[in-house]
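*Asks:* Have a look at this one.
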Amino acid sequence: DAEITQSPRHKITETGRQVTLACHQTWNHNNMFWYRQDLGHGLRLIHYSYGVQDTNKGEVSDGYSVSRSNTEDLPLTLESAASSQTSVYFCASSEGLVGDTQYFGPGTRLTVL
Amino acid sequence: QKEVEQDPGPLSVPEGAIVSLNCTYSNSAFQYFMWYRQYSRKGPELLMYTYSSGNKEDGRFTAQVDKSSKYISLFIRDSQPSDSATYLCAMSVGGSARQLTFGSGTQLTVLP
């Protein structure tokens with residue numbers, strides 16, 4: 001069955017380290033998204049991509065970067081992790097048709113000490 | 001002020017009750033309105049999707065959109081303990097598959 005996976009599921013890192021969170025989908029979807037979820041804020045969009053080599057900044061992109069070299073993967077990199085980036089990160093993908101849904105991965109819980 | 005406001009709850013109701021969840025928004029360009037359900041430690045999953053104003057019904061769930069008031073609602077009839085989850089409203093200008101703006105979520109517990 002097609003799916004969307006995230007790894008690692010849990011990560012503890014230290015302030016200042018570079019961290020990369022992986023997202024892989026097997027639906028061959030064009031659109032991929034990264035969100036962070038914090039209490040009181042719901043899901044906030046970090047970066048998104050509408051196809052290979054396309055990346056765009058979302059609402060809370062500072063300190064994060066993404067690259068899209070193939071259809072299946074959209075890794076999220078924290079260049080220099082900060083305690084404010086402690087959060088649960090969700091990746092999502094969609095086919096791009098109006099009315100289509102976004103399918104979410106299981107999430108990565110990141111703690112920055 | 002946030003673009004989308006949602007009462008965070010928590011909301012606790014007895015089994016069989018009618019539940020009303022609501023969101024208000026400020027961006028009049030939103031055309032697509034969604035409700036996602038998120039169980040604890042899981043990713044959100046789409047529950048209801050509505051384009052523009054009006055009502056949509058799916059089993060025990062009814063979604064309402066009032067664009068003139070910038071107000072959307074989700075009603076759950078005959079609520080069940082399995083409905084216990086966080087409910088997130090989401091909105092989009094360009095379609096449900098494009099950039100979404102989410103509310104903060106309402107945590108619902110249905111007591112048996």
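*Asks:* In the neighborhood of B:P112, defined by Cβ-to-Cβ distances under 14 Å, what is the net charge if each Lys or Arg adds +1 and each Asp or Glu adds -1?
*Replies:* Numbers: positive: none; negative: B:E15, B:D78, B:D83.
Once positives and negatives cancel, what remains is -3.
*Asks:* Over the protein assembly as shown, give the accessible area per residue in Å² for a 1.4 Å probe, as an integer. Intermediate values should be presented prior to the final figure.
*Replies:* Numbers: 10520 Å² over 225 residues.
For the protein assembly as shown, the per-residue accessible area is 47 Å².
*Asks:* Moving on to the next point. Among bridges DSSP assigns within the protein assembly as shown, what percent are antiparallel (round to 5)?
*Replies:* Values: 71 of 79 bridges.
In the protein assembly as shown, approximately 90 percent of DSSP beta bridges are antiparallel ones.
*Asks:* Along the three principal axes, how long is the protein assembly as shown when you take its alpha carbons, biggest first, rounded to the nearest angstrom?
*Replies:* Computed over the Cα atoms, the extents are 48, 40, 34 Å.
*Asks:* Chain pair A, B: how much accessible area is buried, both chains summed, with a 1.4 Å probe, in Å² to 100? Write down the numbers at each step before the final one.
*Replies:* On the way: alone 6170 and 6090 Å², together 10520 Å².
The buried area between A and B, both sides summed, comes to about 1700 Å².
*Asks:* Can you pull the three principal axis extents for the Cα set of segment B:39-101, in Å, largest first?
*Replies:* Largest first, segment B:39-101 extends 33, 25, 17 Å along its Cα principal axes.
*Asks:* Mind listing P(r) for chain B? All alpha-carbon pairs, 5 Å bins, whole percents.
*Replies:* With a bin width of 5 Å, the distribution comes to 2, 13, 24, 26, 19, 10, 4, 1, 0.
*Asks:* Restricting to lysine pairs 8 or more places apart or on different chains, what number in segment B:1-80 have Cα atoms under 18 Å apart? Mind showing how you got there, number by number?
*Replies:* On the way: B:K2/B:K67; B:K2/B:K70; B:K56/B:K67; B:K56/B:K70.
So the count works out to 4.
*Asks:* At 1.4 Å probe size, what's the solvent-accessible area of A:H41? Round to the nearest 10 Å².
*Replies:* Surface open to solvent at A:H41 totals about 80 Å².
The values are calculated or read from the model by the stated rules, or taken from the named source; none is laboratory data. In this text the structure is predicted, and so the values were computed from the model without any measurement. So basically every Cβ, Gly included, is an ideal-geometry build from the backbone, and we count neighbours across all protein chains shown. These accessible areas exclude ligands, DNA and RNA; they are computed on the full protein's heavy atoms, side chains included. Shrake-Rupley method; radii C 1.70, N 1.55, O 1.52, S 1.80 Å.
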